[in-house]
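Enquirer: Structure provided below as structure tokens; questions to follow.
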Amino acid sequence: MAARAKVVITDYVWESLDVERKTLGELAEIVALKTKKPEEFLSEARDCDALLNTYAGPITAEAMAGMPKCRIIARYGIGVDTIDLDAATQAGIIVTNNPTYCIEEVAEQTMALILASARKIPFYDRMVRSGRWEVPPGKPIYRLVGRTLGLIGFGNIARQVAVRAAAFGLAVLYSDPFVKEGQFKVPGKAVDLDTLLRDSDFVSLHPPLTPQTRKMIGETAFGKMKRTAVLINCARGPIVDTDALVQALDAKTIAGAALDTVDPEPLPDPHPLRARDNVILAPHIASASVRTRSEMSAMAARNMATAVRGGRPPNLLNPEVKR
């Protein structure tokens, strides 16, 4: 029997690894860690055949050089901003992700934040719990019908948001340099970014985190938004310049924000965003559900098993890689 591959899990935030163990079976020996940085997992990963990764990183060329036997880095999630893809390709390391595992969940979380912002539900919940039973403090409250949602990025998740938003009577705009008008049969009108920022009542972020999108929503973007607009972020925290967001809220340049993800994470305590009635915060839970937990683990492990056996997994992000 061939020796089992050594699989190092850099970090995970769920209770059990039963799905990974069942999927990999006798193919692999799993070493499960809970680290945040490469220097914390490299001592175990030095002789690994494969790396399963959640948040720990960044996994740079230097880190990869410390794992000379590694054949694959498999991301549990969709985004791969923690992994240097070019460096992985040069090192002959396959990189995979889970491109479809939480589309519905993140779309639902986005709509939940839009609705919670529009109806000011968290504000009134806190007010009632403190002993107050009043309507006026939360005004103005606007109906969704006839208002406009702007989607920055129009990938799988954003398109599902568009379908849900249209059902609530929202007009949908989107800005995405990689999507053509009419390319997908879902609600939405393609516009340039400036038009989207200027015309939207809700601006929802859905691009990947890249050098080009990092802090793309900053002082200039906030200055173009309506004073009554709300920013929604279920993508990546660093897409927003947090300091600029605080300043925009202070200056009442925008009306509020609903953030499933922030920069930095976790958000320090105290922090200017924590005490605001016009800010909704969640601890990066948009992808969470009973179903996504098992789907995510199974797909990441299947990607890994294929690579360990010498094959090319379906969710390969650097197809030009050579081994």
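The values are calculated or read from the model by the stated rules, or taken from the named source; none is laboratory data. Bear in mind the structure is a predicted one, so any value in this text is a computation, not a measurement. Every residue, glycine among them, receives a Cβ derived from its backbone with ideal geometry; neighbour counts consider all protein chains shown. Note: accessible area is taken over every heavy atom of the protein model, side chains too, but ligands, DNA and RNA are not part of it. Shrake-Rupley method; radii C 1.70, N 1.55, O 1.52, S 1.80 Å.
Enquirer: When the Kirkwood hydrodynamic radius is evaluated over all pairs of different C-alpha atoms of the range 1-103, what value in angstrom, to one decimal, is obtained?
Expert: In the range 1-103 this quantity evaluates to 13.8 Å.
Enquirer: Order of 228-236, 275-283, 175-183 by packing, highest average Cβ count within 10 Å first?
Expert: The peptides rank, most packed first, as 228-236, 275-283, 175-183.
Enquirer: Same structure, new question: Order 104-110, 149-155, 5-11 from most to least packed using the mean count of other Cβ atoms within 10 Å.
Expert: 149-155, 5-11, 104-110
Enquirer: So who's got an amide H within less than 5 Å of the one on A28, skipping anything under 5 residues away but keeping other chains? H placed 1.01 Å off N, in plane.
Expert: A5
Enquirer: Further, regarding this structure: Whole-Hz ³J(HN,Hα) for each residue in the range 243-259, computed from phi via Karplus 6.51 cos²θ - 1.76 cosθ + 1.60 with θ = phi - 60°, x for glycine and proline: what do you get?
Expert: Each residue of the range 243-259 in turn: 4, 5, 5, 4, 5, 5, 5, 4, 7, 6, 5, 10, 8, x, 8, 10, 10 Hz.
Enquirer: In nm, give the distance between the simple-model label positions of L193 and A251, each being 7 Å from the Cα along the Cα-to-Cβ direction.
Expert: Calculated label separation equals 1.8 nm.
Enquirer: Amide H neighbours of I94 under 5 Å, counting only residues 5+ apart in sequence or on other chains, H built in-plane at 1.01 Å?
Expert: I72, I73
Enquirer: Roughly how many whole Å is it from the C-alpha centroid of the range 16-86 to that of the range 101-178?
Expert: Here the two parts' Cα centres lie 36 Å apart.
Enquirer: Still on this structure, I have one more. Could you list which residues have their amide H under 5 Å from that of L173, counting only those 5 or more apart in sequence or on another chain, with H placed in the peptide plane?
Expert: L149, G150, L151, K189
Enquirer: Would you compute the Debye intensity of the chain from its alpha-carbon atoms alone, equal scatterers and no solvent, and pass along log10 I(q)/I(0) at q = 0.12 Å⁻¹ to two decimals?
Expert: Log-scaled intensity ratios, in q order: -0.87.
Enquirer: I would also like to ask the following. Can you compute 3J(HN,Hα) from phi for each residue in the range 203-215, using the Karplus curve 6.51 cos²θ - 1.76 cosθ + 1.60 with θ = phi - 60°, rounded to whole Hz and x for Gly and Pro?
Expert: 10, 10, 9, 9, x, x, 7, 9, x, 6, 9, 4, 6
Enquirer: Normalised by the number of residues in the chain, what is the relative contact order in percent for Cα pairs under 8 Å and 6+ residues apart?
Expert: 19 percent
Enquirer: Okay, moving on. Using unit Cβ charges (K, R positive; D, E negative) and no other charged atoms, how large, in debye to the nearest 20, is the dipole of the range 156-215 about its Cα centre?
Expert: 220 debye
Enquirer: If you don't mind, another one. Let me spell out the model: positive unit charges on the Cβ of Lys and Arg, negative unit charges on the Cβ of Asp and Glu, origin at the Cα centre of the range 181-323. What dipole size does that give, in debye rounded to 20? Before the final figure, lay out each step's value.
Expert: Numbers: 19 positive and 16 negative charges, 150 e Å.
Its charge dipole is roughly 720 debye.
Enquirer: So how far apart, in nm, are the two label points at R312 and A61 if each is 7 Å from Cα heading toward Cβ?
Expert: Here the answer is 2.4 nm between the modelled labels.
Enquirer: Enter the accessible area per residue of the chain (Å², integer; probe 1.4 Å; all protein chains in place).
Expert: Value for the chain: 50 Å² per residue.
Enquirer: Which loop-located chymotrypsin sites (Phe, Trp or Tyr not before Pro) does the range 1-72 contain, where loop means any DSSP state but H, G, I, E or B and the Cβ has at most 15 other Cβ atoms within 10 Å?
Expert: Qualifying residues, ordered by number: W14.
Enquirer: With runs of 4+ DSSP H residues as the only contributors, calculate the mean residue ellipticity of the chain at 222 nm using -39,500 (n - 2.57) per run, divided by the residue total and rounded to the nearest 500.
Expert: My calculation for the chain gives -9500 deg cm²/dmol from helical runs alone.
Enquirer: Sorting check: for 160-170, 242-252, which peptide has the highest mean count of neighbouring beta carbons within 10 Å, and how do the rest follow?
Expert: 160-170, 242-252
Enquirer: Hey, any idea what % of the chain's accessible area is carbon plus sulfur with a 1.4 Å probe?
Expert: Carbon-and-sulfur percentage of accessible area, whole number: 53.
Enquirer: Past 31 Å, Cα to Cα, is the threshold; run K36/K215; K185/K226; K120/K224; K139/K180; K36/K226; K189/K252 against it and keep the listed order.
Expert: Distance filter (> 31 Å) returns K139/K180; K36/K226.
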